[in-house]
Amino acid sequence: MKVFLLEDDTDLSELLTYHLQKEGFEVVSFSKGVELLERVKEEKPSLFILDVMVPSLDGFRVANILRSSPETKDVPIIFLTAKTAEEDKLRGFELGADDYITKPFSIKELLARIRAVMRRYGALKESGIVKLGSLTVDMERMEVRRDKEPINLTKTEFTILKTLLENYGKPVSREYLLEQVLKKEVYDRTIDVHVKNLREKLGKEGEWIKTVRGVGYKLEEA
């Protein structure tokens, strides 16, 4: 499994490369965003780890370009950064990050979070079936079951659930759900009504859908 690492701190880059290689990853490191983008034209990795604060083309701008490309829009991205402000984290997630790790961090934490991200992607890609507490979500058949009992969701409710699952642990804005997912130009509180109904139908797992004030919603274990 290949990782593209963007980090301009040479010592940290070497340390991360060493530990990632010990875990079985093949690592290609870059100190400049433009170099990473040039390499992506030749090959696609399984994961991007991007330091936000690198010279010239920073990690946010690199991520924006990667998410705009059909070839890399689905490759997971983890941000590494010294920026701890909530608005920076939200910006990172809005750009499509799968995780956002603030410095300083432990190598064990980084590896654990990489494994979590890759498990989510693997589950979605390999089987299309995701476990959500005691629920089973079949992404292809658009079915949700608790044990053998089906939970009847509308197409809109399932689309919202699918999007939140694909962005597990990170905020998804109302605007994104309206424009990109539902493809409708309607009052944004319409989303709140759909989410309210979805929460009620999912029962205890509905509590995993959390409101992010001023942004939208995110899904994570309660």
Check: Considering only residues of the stretch 202-222 that are out of contact with any Ser or Thr (no Cβ under 9 Å at 6 or more places or on another chain), more than 23 Å from GLY92 (Cα to Cα) and of a type outside the set (Gly, Ala, Ser), which is surrounded by the fewest Cβ atoms within 10 Å (Cβ to Cβ)?
Finding: GLU207
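Counting just the residues of the stretch 50-68 that are in contact (Cβ under 8 Å) with a residue 24 or more places away in the chain and of a type in the set (S, T, N, Q), which one comes out farthest from ASP98 (Cα to Cα)?
We begin by selecting, within the stretch 50-68, every residue in contact (Cβ under 8 Å) with a residue 24 or more places away in the chain; these are 50-67.
From what is left, the residues that are of a type in the set (S, T, N, Q) are 56, 64.
Values: SER56: 23, ASN64: 13 Å.
Among those residues, the one meeting the criterion is SER56.
Where residues in the stretch 125-167 are surrounded by 13 or more Cβ atoms within 10 Å (Cβ to Cβ) and assigned to a loop (DSSP other than H, G, I, E, B), which of them is nearest to the chain's Cα centre (by Cα)? If you could, list the steps in order and put the result at the bottom.
So the first thing to find is which residues in the stretch 125-167 are surrounded by 13 or more Cβ atoms within 10 Å (Cβ to Cβ), and the list is 129-130, 132-133, 135-139, 142-146, 151, 153, 156-167.
Cutting the leftovers down to assigned to a loop (DSSP other than H, G, I, E, B) gives us 133, 139, 142, 151, 153, 167.
Values: GLY133: 19, MET139: 17, MET142: 21, ILE151: 26, LEU153: 24, ASN167: 5 Å.
Of everything passing the filter in the stretch 125-167, ASN167 is nearest to the chain's Cα centre (by Cα).
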Margin query: If I go through the stretch 114-138 residue by residue, how many of them are at pLDDT 75 or above and of a type in the set (S, T, N, Q)?
Written below: 2
Check: When you go through (1) closer than 25 Å to ARG91 by Cβ; (2) crowded, with 17+ Cβ neighbours inside 10 Å; (3) free of Cβ contacts under 8 Å to residues at least 60 places away in the same chain one by one for LYS170, which number turns out not to apply?
Finding: (3)
Notebook entry, point to check: How about the stretch 54-63: which of its residues are buried (at least 16 other Cβ atoms within 10 Å of the Cβ) and modelled with pLDDT under 90?
Noted result: VAL54, LEU57, ASP58, GLY59, PHE60
Margin query: Among the residues of the stretch 139-157, what is the count of those that are modelled with pLDDT under 85 and over 23 Å from ILE191 (Cβ atoms)?
Written below: 3
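The values are calculated or read from the model by the stated rules, or taken from the named source; none is laboratory data. Keep in mind that what you see is a predicted model, and the values were worked out from it rather than measured. Virtual Cβ from ideal backbone geometry, glycine too; neighbours counted across all protein chains shown.
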